[in-house]
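Colleague: One structure, as structure tokens, below. Some questions next.
Computed from the coordinates by the stated procedures, all read-outs in this text should not be read as laboratory data. The model shown is predicted, which means the values in this text are computed figures rather than measured ones. Virtual Cβ from ideal backbone geometry, glycine too; neighbours counted across all protein chains shown.
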Amino acid sequence: MMPAHRSFLLATALMLSACSSAAQQPQALSPEHPMLATLEPVPSPDEVTADGLMSARWQFPLMLTKSGGDSRSVESCRALLEAHNDGFGPAQPSDYGLVQANLALCLATEDSGALKPSINNHLPAPLLGPDFPEVAPAELAVAISDYQRARVKESRSWQDFSAIRDHQSRSPYEATYVTEDGAIQRVFLVATGDFNDDGARDAILYLESALEEGTYGTARYLIVTREEDDGPMRVLKSVWPGE
């Protein structure tokens, strides 16, 4: 189950996606959206900003330590990123995945504050539909070995890297893809807007990766774009916290 502070952050970050380009994207998340079920009261989209999300206090703190025995309790994204920059990390080895996931989501939220209104939109609609892997960059694939990472560089798209056998979508902002080789990729649309000042709409995607067999799990985020309606998507930024 998603930790409470991460669930809150993700829910409100998803709301940011609805308001970051409100003039171009009429649909907005409603309080009935399942990702917002843990929020009480539910803030409206026009009350949500990236800066506000960075400072919002989590329901439960996250304990971090660093070499030398120092410890620090963090209760917000801003505090987590400051502690990470100061050399703090997971208090226990079992906390690594939790800290990595929160770092990825907090960094993605921080980058959402740099988005500007876009002039053109060439992204698929809906973005996270069943056909998304056909145009999505291969960097969305779960690549663990050196061989797989090399194949990512050679593949034209995510679908070209590994065929998708199952797609489930909870909303336009969240989807799960399972590949023929047993990789599971949960994709969340955090925000949209112009990240690199070229006028085109870009998307910030938070990813949680796992395998059907084994204990592998990781979290990261990408910023992707597309210059033409029928063209491929490409990665503007890729962040793997802790790696």
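Colleague: Would you check which residues across the range 179-199 are outside any loop (DSSP other than H, G, I, E, B) and surrounded by fewer than 19 Cβ atoms within 10 Å (Cβ to Cβ) and list them? Give the steps one after another, and end with the answer.
Modeller: Narrowing the range 179-199 to residues outside any loop (DSSP other than H, G, I, E, B): 179, 183-194.
Across the range 179-199, the qualifying residues are ILE184, ARG186.
Colleague: Please specify each residue of the range 206-243 satisfying the condition of being among the β-branched types (Val, Ile, Thr), more than 14 Å from ALA136 (Cβ to Cβ) and touching a strand residue (DSSP E or B) at 6+ places or on another chain (Cβ under 9 Å).
Modeller: We begin by selecting, within the range 206-243, every residue among the β-branched types (Val, Ile, Thr); these are 215, 218, 223-225, 235, 239.
Going one step further and asking which of them are more than 14 Å from ALA136 (Cβ to Cβ), we end up with 215, 218, 239.
Selection gives THR218, VAL239.
Colleague: Restricting attention to the range 173-205, which residues are touching a residue at least 60 places away in the same chain (Cβ under 8 Å) and more than 22 Å from GLU227 (Cβ to Cβ)? Write out each step before concluding.
Modeller: First, pick out the residues of the range 173-205 that are touching a residue at least 60 places away in the same chain (Cβ under 8 Å): 173-174, 188-195, 197, 199-205.
TYR173, GLU174, PHE188 - these are the residues of the range 173-205 that are touching a residue at least 60 places away in the same chain (Cβ under 8 Å) and more than 22 Å from GLU227 (Cβ to Cβ).
Colleague: Does ALA210 satisfy being in a strand (DSSP E or B), on the phi < 0 side of the Ramachandran plot, in contact with a helix residue (DSSP H, G or I) (Cβ under 9 Å, 6 or more places away or on another chain) and not polar (S, T, N, Q)? Walk me through it before giving the result.
Modeller: On the way: in a strand (DSSP E or B): yes; on the phi < 0 side of the Ramachandran plot: yes; in contact with a helix residue (DSSP H, G or I) (Cβ under 9 Å, 6 or more places away or on another chain): no; not polar (S, T, N, Q): yes.
For ALA210, the condition - in a strand (DSSP E or B), on the phi < 0 side of the Ramachandran plot, in contact with a helix residue (DSSP H, G or I) (Cβ under 9 Å, 6 or more places away or on another chain) and not polar (S, T, N, Q) - is not met.
Colleague: Every residue in the range 84-105 that is among the polar types (S, T, N, Q), out of contact with any His (no Cβ under 9 Å at 6 or more places or on another chain) and crowded, with 20+ Cβ neighbours inside 10 Å, please.
Modeller: GLN100
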